[in-house]
Amino acid sequence: MMLDFTAILSQWQLMLDGATLTAKLALVTTVTGFLIGTLCAVARRSQSSVFSRIAAIYVESIRNTPFLVQIFLVYFGLSSMGFSFTAFTVSVIALTINVGAYTAEIMRAGFESVHKGQWEAAETLGLSKWQQYWHVALRPAIERVYPALTSQFILLMLASSVTSQISTEELTATANFIQSETYRPFETFVIVAGIYIALSLLMRLIFWLFGLAIFPRRRRLGTMI
C-alpha cells in the first residue's frame, strides 16, 4: 500500500490546535509542578516529622503508580465528589500531581548538594529556614539539578498524551480523530511523532536559553543541556 500524507496534511489546523493545547498543558504544569515539587522537597527535609512523612507518602505513592491510574483517580474521584471540571483542568491537576512528586526528589537532591558551610553561614546570620532556602539554597540547588529538571519537564510534555484518555483534545487525541476519519493511521502517527520531536527540541532550546539567562556560570562555560 502506498503512503499518502495528503489527507493528513489537509487537517493541519486540527494538528496545530492539538499541538497548541499540548504546549499549554506543558507550560502550566511545568510551573505548578515545580512549585509543588520544591515545597515538598523542603517538607521532606523539614525537622517536623509530620510534614516530612506526609511529603514522603505523597512522593512514593505517585512514583510507584502508573500515570494512567492517577489520571483516572483524579477524573473519577472529582466527579464522585460532585465537582465538575473541564478535561483540560483535570489534566492539569493530574499532571501537576505527577510531576510534582518527581520534581520533589530532584529538588531534594539539589538542596542536599548545597555545601553545609553555606547553611551554617546563613544560620549564623540569623536567617529563618525559609530565608535560608530562598536567599541561599534555592538558586545553587536549581543550577545543579537543572539538566534533570529539564528532562523531567520534557517527559511531562510527552506524558500529556495520556490525557487523551479523558477526552482532552491535545495532540494525541487529535491524531486519533484524524486517523479515524482518514483511515490513515500510520501516516497520521508519523506526522504526530514528528510534531512531538519538534516540541521536545523547542522545549530543550527554551530551557537552555533560560538557563543561560539565570545562571551566569553556565553562560561563561557555554554549558548545553
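The values are calculated or read from the model by the stated rules, or taken from the named source; none is laboratory data. What you are looking at is a predicted structure, and each value in this text was computed from that prediction instead of being measured. Heads up, the Cβs are rebuilt from the backbone with ideal geometry, glycines too, and the neighbour counts pull from every protein chain shown. Accessible surface is based on the protein model in full, side chains and every heavy atom, while ligands, DNA and RNA are left aside. Shrake-Rupley method; radii C 1.70, N 1.55, O 1.52, S 1.80 Å.
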In segment 143-160, what residues are touching a residue at least 60 places away in the same chain (Cβ under 8 Å) and open to solvent by less than 40 Å² (accessible area, probe 1.4 Å)?
E143, Y146, L149, T150, F153, L156, M157, A159, S160
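Looking only at residues that are more than 18 Å from L73 (Cα to Cα) and open to solvent by less than 10 Å² (accessible area, probe 1.4 Å) in segment 90-113, which one is farthest from the chain's Cα centre (by Cα)? If you could, list the steps in order and put the result at the bottom.
Filtering segment 90-113 for residues more than 18 Å from L73 (Cα to Cα) gives 102-113.
When the remaining residues are screened for being open to solvent by less than 10 Å² (accessible area, probe 1.4 Å), the result is 103-104, 107, 110-111.
Working: T103: 8, A104: 12, M107: 13, G110: 17, F111: 19 Å.
Taking the candidates together, the pick is F111.
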Log entry, pairs with first residue in segment 202-220 being at pLDDT 90 or above, second being exposed (fewer than 11 other Cβ atoms within 10 Å of the Cβ), beta carbons closer than 8 Å, six or more apart or on different chains, reads W208/M224
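Look at segment 16-64 and say how many of its residues are aromatic (F, W, Y) and closer than 17 Å to L95 by Cα. Break it down stepwise before answering.
First, pick out the residues of segment 16-64 that are aromatic (F, W, Y): 34, 51, 58.
When the remaining residues are screened for being closer than 17 Å to L95 by Cα, the result is 34, 58.
Total meeting the criteria: 2.
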Evaluate segment 84-95: report whether one residue or more is of a type in the set (F, W, Y) and over 29 Å from R108 (Cα atoms).
yes
